[in-house]
Amino acid sequence: MANRGPSYGLSREVQQKIDRQYDPELEQVLVRWILAQCGGDVTQPAPGRDGFQQWLKDGTVLCRLINSLHPRGQGPVAKIQASAMAFKQMEQISQFLQAAERYGIAATDIFQTVDLWEGEGL
């Protein structure tokens with residue numbers, strides 16, 4: 001997540017409300033489904049909100065997931081590679097989001113690239 005100082009007052013209340021919405025059980029269900037769907041192509045994340053966000057942050061797991069929903073060799077993301085460069089990671093997240101929309105996910109149900117990359121609203 002982005003480095004920010006402590007929050008106070010209304011900001012703190014809003015952050016606490018967001019934190020309460022995070023469901024660790026749902027996280028585990030999603031992790032198991034992604035691992036089953038992608039097979040041996042991905043490793044398991046560290047448990048917890050931060051571990052889950054870091055697992056998805058570079059976009060490789062998401063791109064492998066969307067490709068796994070298509071017949072082998074016909075995935076919408078042709079080139080998937082891990083990169084430490086922020087713009088490359090955000091580009092891969094964006095490719096996943098575009099493919100998800102083409103797959104049939106409503107645009108109103110799709111998060112923004114920067115939200116995942118910065119860990120906002122998880």
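The values are calculated or read from the model by the stated rules, or taken from the named source; none is laboratory data. The structure displayed is predicted, hence computed values, not measured ones. Cβ coordinates were reconstructed from backbone atoms using ideal geometry, including for glycine residues, and neighbour counts include every protein chain displayed. With ligands, DNA and RNA removed, areas are computed over all heavy atoms of the protein, side chains included. Shrake-Rupley method; radii C 1.70, N 1.55, O 1.52, S 1.80 Å.
Within the range 25-118, the percentage of alpha carbon pairs spaced more than 16 angstrom apart rounds to 55%. The heavy atoms of Ser68 offer some 40 square angstrom of accessible surface to a 1.4 angstrom probe. Between Glu101 and His70, the simple label model (points 7 Å from Cα in the Cβ direction) yields a spacing of 1.6 nm.
A 1.4 Å probe, protein heavy atoms only, puts the accessible area of Leu69 near 60 Å².
Kindly point out which whole DSSP H helices in the chain project their C-alpha atoms 15 angstrom or further along the helix axis while averaging a Kyte-Doolittle hydropathy of -0.5 or above.
Within the chain the helices that satisfy the rule are 24-38.
The label point for Lys88 and the one for Gln28, both projected 7 Å from the Cα toward the Cβ, are 3.5 nm apart.
Over the range 25-118, accessible surface divided per residue gives 60 Å², non-protein components excluded, 1.4 Å probe. Placing pseudo-labels 7 Å out from each Cα toward the beta carbon at Val114 and Gln54 gives an inter-label distance of 2.4 nm. Across the accessible surface of the chain, with the other protein chains kept in place and a 1.4 Å probe, carbon and sulfur atoms take up 52 percent.
Across the options Gly48, Ala78, Leu30, the greatest Cα extent toward the positive end of the charge dipole of the range 25-118 (unit charges at beta carbon of Lys, Arg, Asp, Glu) belongs to Ala78.
Using the crude model of +1 on Lys and Arg Cβ and -1 on Asp and Glu Cβ, and no other charge, please compute the dipole size for the range 25-118 relative to its Cα centre, in debye to 20.
Numbers: 8 positive and 10 negative charges, 78 e Å.
The calculated dipole for the range 25-118 is roughly 380 debye.
Rounded to the nearest 0.05, what FRET efficiency is calculated for Lys17 and Ala78 with R0 set to 41 Å and r the Cβ-Cβ distance? Write out the running numbers ahead of the final one.
On the way: r = 40 Å, r/R0 = 0.98.
Calculated transfer efficiency: 0.55.
Computed with a 1.4 Å probe on the full set of protein chains, the accessible area for Thr43 sits at about 100 Å². Sorted largest first by accessible area at a 1.4 angstrom probe radius, with every protein chain in place, the residues Tyr22, Tyr103 fall in the order Tyr103, Tyr22.
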